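Student: Would you mind keeping the following structure in view while I ask a few things?
Please treat every number below as a calculation from the coordinates, not as lab data. Because the structure is a prediction, the values reported are computed rather than measured. Here the Cβ is made from the backbone with ideal geometry for all residues, glycine too, and neighbour counts use every protein chain on show.
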Amino acid sequence: MKRIILFTVLTVCVTIIACHKEQPEMNSDIQDPCDLTHEVSANFYMEEIAFLPTERVVNTDTILYGHSVRFRPVDTTVECTWYIGNEVLTEQVVVRSFDNSLINQTLPITMVAKKSPNNICFPNDDGYDSIVKYLIVSNKSLSDVYDLPNHLFEGTFRFKDSLGNHSTDSVDIDIELNYHSENGMFFGNRMKITHLYGQDSTVFFSSNDLTYRKLWIGGSEFYNKTSFYHAPNGRVVFEMIQGLAIERPSIYFIGRKLN
């Protein structure tokens, strides 16, 4: 009788253990919900527009005079109040032009942001923030980029190809901007690049659009388009997108100006 009772108890225990669902382990990597949000911020972009109505823009601190600038908040959910010169504007995105009367001026651009704060994560956030950035209107116009020496786009540059298409660690190239004309006929703006494919190589690109810090260029037999960006911190990015000639692969140069 004792054996029968013992066998019954063991059978019930095994059945309970077998039917018990395995509990998932607690995930120690679960992200704190507060990591996904932030305090109300008035940070914003100042984007020089290459040529209206194009969407070619670049976030910058300096512009060519006569160009337009688009101001927009980083956080698109805030209510904005802009203070630009004597204007007070409440649109979220504002576009303004800066003519030659403002040459060599440094203009304060202020944005005040308002938004319902997340006081659970940020109990001291009052829902308001403000920031002032400074926009410099240079003494160069669109045509001056090619007429006058340009400290951003001309000179000798040292690049490393981030795509790894070049066998050497770095490449030094010379860049010159000029007007292209033959027999008195004007053909447009162009960028002349020397040493890109060796000491004796020279290629030309025609200019499509440009800003103070960035050019969008094309017209090469090797590439569909390229862009050349000289950032405020001195970092230079030169991107070349492959064209019809497949023997000329796309490149992504990152480097700096030597002189």
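Student: Give the long-range amide H neighbours of TYR212: residues separated by 5 or more places, or on another chain, with amide H under 5 Å away, using H modelled in the peptide plane at 1.01 Å from N.
Tutor: For TYR212, whose amide H was placed from the backbone, the distant partners under 5 Å are LEU64.
Student: What is the local net charge at THR194, summed over the other residues whose Cβ is closer than 11 Å to its Cβ (Lys, Arg +1; Asp, Glu -1)?
Tutor: Details: positive: LYS192; negative: ASP172, ASP174, GLU176, ASP200.
With Lys, Arg at +1 and Asp, Glu at -1, the neighbours total -3.
Student: Quick one: net charge of PHE253's neighbours, Cβ under 10 Å, K/R +1, D/E -1? Please report the intermediate quantities before stating the final value.
Tutor: On the way: positive: ARG158, LYS160; negative: ASP161, GLU239.
Here the charged neighbours net out to 0.
Student: If you average the sequence gap of Cα pairs under 8 Å that are 6 or more apart and divide by the length of the range 37-137, what percent do you get for the contact order? Intermediate results must be reported in sequence, preceding the final value.
Tutor: Details: 222 pairs, mean separation 32.6, N = 101.
So the answer I get is 32 percent.
Student: Quick check for me: using +1 on Lys/Arg Cβ and -1 on Asp/Glu Cβ, what's the dipole size of the range 37-137 about its Cα centre, in debye to the nearest 20?
Tutor: With Lys and Arg at +1 and Asp and Glu at -1, about 180 debye.
Student: Quick one: if you stick a label point 7 Å off each Cα along the C-beta vector at TYR252 and ASP169, how many nm between them?
Tutor: Spacing of the two 7 Å Cα→Cβ label points: 2.2 nm.
Student: Calculate the FRET efficiency for GLN105 and ILE241 from the Cβ-Cβ distance with a Förster distance of 45 Å, rounded to the nearest 0.05. Display every interim value, and only then the final one.
Tutor: Values: r = 36 Å, r/R0 = 0.81.
That pair, GLN105 with ILE241, gives E of 0.80.
Student: How high is the FRET efficiency from LYS192 to VAL95, r the C-beta distance, R0 41 Å, rounded to 0.05?
Tutor: Using R0 = 41 Å, I get an efficiency of 0.75.
Student: A further question on this structure: For the pair THR156 and SER206, what calculated FRET efficiency results from E = 1/(1 + (r/R0)^6), where r is the Cβ-Cβ distance and R0 = 22 Å, to the nearest 0.05? Spell out each step's value before the answer.
Tutor: Details: r = 22 Å, r/R0 = 1.00.
The pair SER206/THR156 has a calculated efficiency of 0.50.
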